Each structure stands twice: as structure tokens, then as C-alpha cells.
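The values are calculated or read from the model by the stated rules, or taken from the named source; none is laboratory data. In this text, all values refer to a predicted model and were calculated from it rather than measured experimentally. So basically every Cβ, Gly included, is an ideal-geometry build from the backbone, and we count neighbours across all protein chains shown.
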Amino acid sequence: MRTITLTFLFITLLSASNIQAQKIYSSNQFKLIFSTAPNLSRGGQSIASPIRFTAFFNYSTFLNLDLTKNLGLSIGLEVKNIGLITKDSIFRTKHRAYAIGVPIYLRIGNMDKRWYFLAGAQYDYLFAYKEKVFVNDAKIKRHGYNNVTPFIPSVFLGFRSKSGTSISVHYMLRNFFSTDYRFKDPTQDNAPFSQGYNNSQLLYFTIGFMGDLDKKKAKKAAPDPESQEVYSRNH
């Protein structure tokens with residue numbers, strides 16, 4: 001519902017703004033993600049969640065609308081590798097899922113020079129969950145189908161520099177793990193399932209690079225002033 005409302009707002013602003021075509025452009029982004037679950041617990045006890053780093057595959061594409069020289073609006077589509085690490089006295093476990101998301105955000109800064117602060121919201125669909133349990137030097141891989149919350153909204157803040165470098169911080173508003181998730185000791189065949197995790201909302205930071213596709217094309221297509229001068233003198 002939130003995504004539908006934000007999308008409707010974007011379309012309304014696009015229709016009402018009467019913006020010239022050259023102020024609408026696309027961009028893409030590759031980024032690194034550092035994630036954790038700072039309030040993670042199980043059975044009333046806190047569980048450590050070391051920072052998880054991932055570089056593949058995190059890609060976003062955006063449609064950008066410059067409302068004024070200092071204000072812009074963007075909507076995008078992205079795919080990312082998101083998850084967390086849990087660690088207790090016995091096991092270290094890596095949990096990951098892929099997510100397809102729709103981010104919508106407001107940009108405040110210098111739209112011509114392409115540097116700005118941003119604030120927005122996003123809705124993600126999580127799929128392809130996998131976990132790796134490390135026991136001493138052994139690694140055990142397991143897959144699950146009902147282990148993560150499928151639809152998760154989030155909010156974020158960020159900054160993009162003139163060079164295209166971007167940073168952002170995101171907070172998921174729902175638990176990463178579903179209420180059906182249970183952990184089982186992989187070293188024992190008849191081990192009982194333990195309690196699930198509580199407070200598994202992810203906090204993650206990104207560092208990336210964003211390139212404006214249409215801006216690059218415009219630069220490439222721009223005629224060379226010196227060539228024009230030579231042509232005018234010869235004709």
C-alpha cells in the first residue's frame with residue numbers, strides 16, 4: 001500500500017510539474033552493502049550480529065525527475081544480496097536472501113552538478129534464502145522457503161557527490177526472519193528445533209557509484225566547437 005501511494009505521488013508530481021524533457025534522465029548504480037541486525041535476540045538473550053559484507057549482486061536503475069535546480073524526485077528498481085551473520089558460543093551462521101526492491105526518494109542539492117542529499121522509502125520482495133552454518137572448520141549449506149519475511153518496507157537517507165560516489169544508510173521496518181523460522185543443530189540428526197529470532201530488522205550501509213546514463217549520452221553527442229568553427233570558415 002505504501003509503495004502504491006508513493007508511486008501515485010511520483011506520477012502526480014510528474015504530471016503537475018510541466019517539466020521539460022531534458023530534465024528527466026536515467027541512472028544506474030553498483031554498490032557495496034554492510035549489514036547487521038543490532039537488536040537481534042533469541043529466547044530473551046541477545047545474539048551477536050557481526051557486520052556482513054557483500055559486493056555481488058547489487059544493482060539499481062533509476063528514473064530521475066528534476067523539479068527545480070535544487071529539488072528532484074527519483075523512482076527505481078533494484079536487486080540486491082541482503083542478509084546477516086549470527087554468532088553464539090557454538091555456531092557462526094550466515095543468512096542471505098536476494099531482494100527485488102522499488103525505492104522512491106527525494107533529492108535536495110544541486111541538480112545541475114549532480115550532488116545532493118536524499119531521503120526515501122523502499123519496498124522489497126525477498127526470495128532465494130540460503131544459510132551457511134560453520135561448525136569448527138566445516139561449512140553446512142541449507143535452503144529454506146519460509147524462513148524470511150517476503151515483503152519488507154524500509155526507510156533510508158543518503159548523499160551523492162558530484163563524482164557519482166554515493167553513501168546511504170537503510171533500516172528495514174519488519175523482521176528479516178519470518179515467524180516460521182527455527183534453527184536446528186546441523187551436527188545432530190535428532191536435535192530439536194530451537195526458538196526463532198526476535199528483532200531481526202536489518203540496519204545496512206551502502207557505498208556505491210552512480211552514473212547518469214542520459215547525461216553521458218548528451219556529452220557524447222555534443223558537437224565539437226572547434227570543428228564547427230573550421231566548418232563555418234570553409235563554407
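Criterion first (at pLDDT 95 or above and closer than 18 Å to residue 156 by Cβ) does residue 32 satisfy it? Against the criterion (at pLDDT 95 or above and closer than 18 Å to residue 156 by Cβ), residue 32 qualifies. Among residues of segment 110-120 being of a type outside the set (D, E, K, R) and surrounded by fewer than 19 Cβ atoms within 10 Å (Cβ to Cβ), the one that is nearest to the chain's Cα centre (by Cα) is 119.
In summary, residue 117 fulfils each of the numbered conditions (1) within 28 Å of residue 65 (Cβ to Cβ); (2) part of a loop (DSSP other than H, G, I, E, B) with the single exception of condition (2).
Is it fair to say residue 105 is touching a Ser or Thr at 6+ places or on another chain (Cβ under 9 Å), of a type in the set (Ser, Thr, Tyr) and at pLDDT 95 or above?
Numbers: touching a Ser or Thr at 6+ places or on another chain (Cβ under 9 Å): yes; of a type in the set (Ser, Thr, Tyr): yes; at pLDDT 95 or above: yes.
Against the criterion (touching a Ser or Thr at 6+ places or on another chain (Cβ under 9 Å), of a type in the set (Ser, Thr, Tyr) and at pLDDT 95 or above), residue 105 qualifies.
Residue by residue, here is whether (1) assigned to a loop (DSSP other than H, G, I, E, B); (2) at pLDDT 95 or above holds:
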{"site": "187", "(1), (2)": "yes, no"}
{"site": "204", "(1), (2)": "no, yes"}
{"site": "220", "(1), (2)": "no, no"}
{"site": "227", "(1), (2)": "no, no"}
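Can you tell which of 142, 174, 182 is surrounded by 13 or more Cβ atoms within 10 Å (Cβ to Cβ), in a strand (DSSP E or B), in contact (Cβ under 8 Å) with a residue 12 or more places away in the chain and among the charged types (D, E, K, R)? Residue meeting the stated conditions: 142.
Within segment 126-139, can you find the residues that are in a strand (DSSP E or B), out of contact with any Ser or Thr (no Cβ under 9 Å at 6 or more places or on another chain) and exposed (fewer than 14 other Cβ atoms within 10 Å of the Cβ)?
So in segment 126-139, the residues in a strand (DSSP E or B) come out as 126-135, 138-139.
Pick out the ones that are also out of contact with any Ser or Thr (no Cβ under 9 Å at 6 or more places or on another chain) and you get 127-130, 139.
If the condition is that a residue be in a strand (DSSP E or B), out of contact with any Ser or Thr (no Cβ under 9 Å at 6 or more places or on another chain) and exposed (fewer than 14 other Cβ atoms within 10 Å of the Cβ), then 127, 128, 139 are the ones that fit.
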